[in-house]
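Trainee: The structure's right below; bear with me while I get my questions together.
The values are calculated or read from the model by the stated rules, or taken from the named source; none is laboratory data. The shown structure was predicted, so the numbers you read here are calculated from the model rather than taken from an experiment. Because the Cβ atoms are built from the backbone with ideal geometry, glycine has one as well, and the counts that use them run over all protein chains shown. Just so you know, the surface numbers come from the protein's heavy atoms only, side chains and all, with ligands and any DNA or RNA stripped out. Shrake-Rupley method; radii C 1.70, N 1.55, O 1.52, S 1.80 Å.
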Amino acid sequence: MSEFKLTSVEEFEQATNELLENGAKVGADAWQFRVKNQTPHCKFGEQGTCCRICTMGPCRITPKAPRGICGCDVHGIVGRNFLRFTAGGSATHSDHGREICHTLHEADPNGNYKVKDPEKLIRIAKEWGVETEGKDIYDLAHEMSELALLEYGKPFGTQRFLKRAPQHTQEIWEREEIAPRAIDREVACSLHMTHMGCSSLPEALVRQSLRSGLSDGWGGSMMGTEFSDVLFGTPKPIETEANLGVMKEDEVNIIVHGHDPSLSEMICEYADDPEMIAYAKEMGAKGINVAGVCCTSNEVAMRRGVPMAGNFLQQENVVLTGACEAIVVDVQCIFPALGPLSKCFHTKFVTTSPIAQMPDAEYIRFNAKTAGENAKAIVKMAIENFKNRKPELVHIPHMKQKATVGYSFESIIKTLDKVTNSQVDQTGTLMPLWQCVASGVIRGAVAMVGCNNPKVRPDTAHIELMKKLIAHDVIIVASGCSAQAAARAGLMDKRAKDLCGAGLKRVCELADIPPVLHMGSCVDISRMMVLVAELAKIGNVNISQLPVVGCAPEWMSEKAVSIGNYVVATGIDTYLGVEPYVSGSTEVTGLLTNGVRDWVEAAYTVEKDIDKLGDAMLARIEEKRAALGV
Ligand code: BF8
Ligand code: SF4
């Protein structure tokens, strides 16, 4: 086995620079250039102090003009903007979850989508009090999908999955009136509250932000994760590779990008089809290579071992290799830049969802009923495009790392079963993990999540923080683009255990795991919620007492704010490396970084200095340990 070495951010950047040079030959634009045109950013926007929710405005708050025309002050304006930002994220994740529920409704033993994890379906049905005995699994799937879809619009009650939380957490949610009702209702209510002439009280706006976030994390996202597992299989540890070097010079490269696995799963099926492979060979390629970008990549990596080409700020890079026959997208985090960029090369930019339609794309509308033929048409289009490659423009940076991914909650439990050495039977529980934490062998855990953002040197914050944390015996669970940064650097290679402190290293050896566990896409942060809930129950403590924190050091999207809100509202302190647009209001900032602690036992910390951010997390973990007396 070759010697193990992490790939450095400098090496990432070197590869990117070469690709930008490649792009320059054909006049390609890239985010690196557009950032220059957009900085400095608008101060009102940055601070959240511009209101444009009615046409008496836009109103901008300055010392000379402290109120909008309607009389709203800066705290109301900033609070409303923050709530709208959250609602955008909550709607997005949850609508993805809804699509999955609709796909479940289409599940058919002879159709495009099957039930791959019937046990999980039965488990959730029992949890929801649905009769399972003697029922055909597909009838049950349809019944469950209808119940799940009702979670979006039911007139009464709160989210079914809230019952998964410890009693104490549920009581907080009730007491603070933030237990989310129907998912769509929380989004609509947020828009209603922020309409001209409704709420301008920061407390009310921040409270609804938490509630709307919770409707995502313990509602829409959880639905997305759970029913994706039912349809496509619950992830198990699997080997894969990450970084642009996974693209292949002599094969048809199809890049899947976006979030909804209903599309990417089908593309993978057809890319494996012998008929398609034979066709690719006929067209002069050695085979078909599917690789992913963003969360879709996480989905198919976790379930199929499909390699991860890159994360958010690498999406243009895959086209700049000149070796991408098709980049196939569904929804979210897709740069509209891919349209014009693909025109500089031979690449087909294929949009598939009415939710994400863009100029300069080939639109092949994808839906559950016609998924098979749609996917086949897309794969065929990519194959036929192979001959259009311009060899002089092909440049694939030969840089990749091995990664073990697929750590769903269920597979973490199974992994722990292998290492249980106690006299008492702990099979199927988190007791071994709790014992590692309580004894101090592992000091704590950090959930590393979120995006890239040009405001942070891409991937540095993710990678440097992870290196620092594991060296201090803090285990990492990662998702989204953070997980991909880790994989590309090599932190999901089991050999990265050598970078850990002695305690975590021992745990990695015993359990045969890497120190950074890939838990999936951003909707899969719901898996992390289940993990902390169960850990708190087994340790007989409150979630807020666990030496666990969340961190999004390079976040950019509305979804990330929705996530932050539900993580905080679940009782987990959350550390951000990029400022949300709230600095214009001392009241909103004060609530988010401190005041909400009185409601939900956790709050935000914002720190742009990465080293200090890491120190703050380590200090918090040690504080929690001391308070617990462990
Ligand atoms: O949902 S981490 S850049 S890809 S928003 Fe987007 Fe951010 Fe990546 Fe997935 Ni999540
Ligand atoms: Fe201005 Fe008030 Fe209208 Fe906002 S709601 S744009 S602050 S008048």
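Trainee: Take PRO63 and decide whether it is more than 15 Å from ligand 2 (Cβ to nearest atom), without any contact (Cβ under 8 Å) to a residue 40 or more places away in the chain and under 30 Å from LYS376 (Cα atoms).
Mentor: So PRO63 fails the test.
Trainee: Here's a check for you: in the range 444-457, which residue that is more than 11 Å from ligand 1 (Cβ to nearest atom) and not basic (Lys, Arg) is surrounded by the fewest Cβ atoms within 10 Å (Cβ to Cβ)? Full working, then the answer.
Mentor: Taking the range 444-457 and keeping what is more than 11 Å from ligand 1 (Cβ to nearest atom), we get 444-447, 454-457.
Now narrow it down to the ones that are not basic (Lys, Arg): 444-447, 454, 456.
On the way: GLY444: 22, ALA445: 24, VAL446: 26, ALA447: 26, PRO454: 16, VAL456: 20.
If we take residues in the range 444-457 being more than 11 Å from ligand 1 (Cβ to nearest atom) and not basic (Lys, Arg), then PRO454 is surrounded by the fewest Cβ atoms within 10 Å (Cβ to Cβ).
Trainee: Also, quick follow-up: For the range 386-441, how many residues are open to solvent by less than 20 Å² (accessible area, probe 1.4 Å) and within 30 Å of LYS343 (Cβ to Cβ)?
Mentor: 3
Trainee: I'm trying to understand the selection: among the residues of the range 11-51, which are buried (at least 18 other Cβ atoms within 10 Å of the Cβ) and small (Gly, Ala, Ser)?
Mentor: Passing the criteria: ALA15, GLY23, ALA28, ALA30, GLY48.
Trainee: When you scan the range 15-60, how many residues do you find that are part of a helix (DSSP H, G or I) and within 16 Å of ligand 2 (Cβ to nearest atom)? Walk me through it before giving the result.
Mentor: Step one: of the range 15-60, the residues part of a helix (DSSP H, G or I) are 15-24, 31-38, 43-47.
Next, from what is left, pick out any that are within 16 Å of ligand 2 (Cβ to nearest atom): 44-45, 47.
Looking only at that region, the number is 3.
Trainee: Return the residues of the range 248-262 that are in contact with a strand residue (DSSP E or B) (Cβ under 7 Å, 6 or more places away or on another chain) and either part of a helix (DSSP H, G or I) or crowded, with 24+ Cβ neighbours inside 10 Å (or both); say none if nothing qualifies. Break it down stepwise before answering.
Mentor: We begin by selecting, within the range 248-262, every residue in contact with a strand residue (DSSP E or B) (Cβ under 7 Å, 6 or more places away or on another chain); these are 248, 251-258.
Passing the criteria: VAL252, ASN253, ILE254, ILE255, VAL256, HIS257, GLY258.
Trainee: Filter the range 458-491 for residues that are away from ligand 1 (no atom under 16 Å from the Cβ), open to solvent by less than 10 Å² (accessible area, probe 1.4 Å) and more than 13 Å from PHE12 (Cβ to Cβ) and give the result.
Mentor: Within the range 458-491, LEU469, ILE470, VAL474, LEU491 meet the criteria.
Trainee: Next question, about the same structure. Return the only residue of ASP73, ASP95 being among the charged types (D, E, K, R), away from ligand 1 (no atom under 16 Å from the Cβ) and open to solvent by 20 Å² or more (accessible area, probe 1.4 Å). Spell out the reasoning first.
Mentor: On the way: ASP95 fails: away from ligand 1 (no atom under 16 Å from the Cβ).
That would be ASP73, the only listed residue that is among the charged types (D, E, K, R), away from ligand 1 (no atom under 16 Å from the Cβ) and open to solvent by 20 Å² or more (accessible area, probe 1.4 Å).
Trainee: Would you check which residues across the range 482-507 are more than 16 Å from GLU239 (Cβ to Cβ) and touching a strand residue (DSSP E or B) at 6+ places or on another chain (Cβ under 9 Å) and list them?
Mentor: SER482, ALA485, ALA489, CYS500, GLY501, LEU504, VAL507
Trainee: Restricting to the range 376-432, count the residues that are free of Cβ contacts under 8 Å to residues at least 60 places away in the same chain and among the aliphatic types (A, V, I, L, M).
Mentor: Of the residues in that region, 4 qualify.
Trainee: In the range 440-498, what residues are within 17 Å of VAL549 (Cβ to Cβ) and polar (S, T, N, Q)?
Mentor: Residues satisfying the conditions are SER479, SER482.
Trainee: Same structure again: On the given criteria, is GLY79 surrounded by fewer than 24 Cβ atoms within 10 Å (Cβ to Cβ), assigned to a helix (DSSP H, G or I) and more than 8 Å from ligand 2 (Cβ to nearest atom)?
Mentor: Details: surrounded by fewer than 24 Cβ atoms within 10 Å (Cβ to Cβ): no; assigned to a helix (DSSP H, G or I): yes; more than 8 Å from ligand 2 (Cβ to nearest atom): yes.
When the stated conditions are applied, GLY79 does not pass them.
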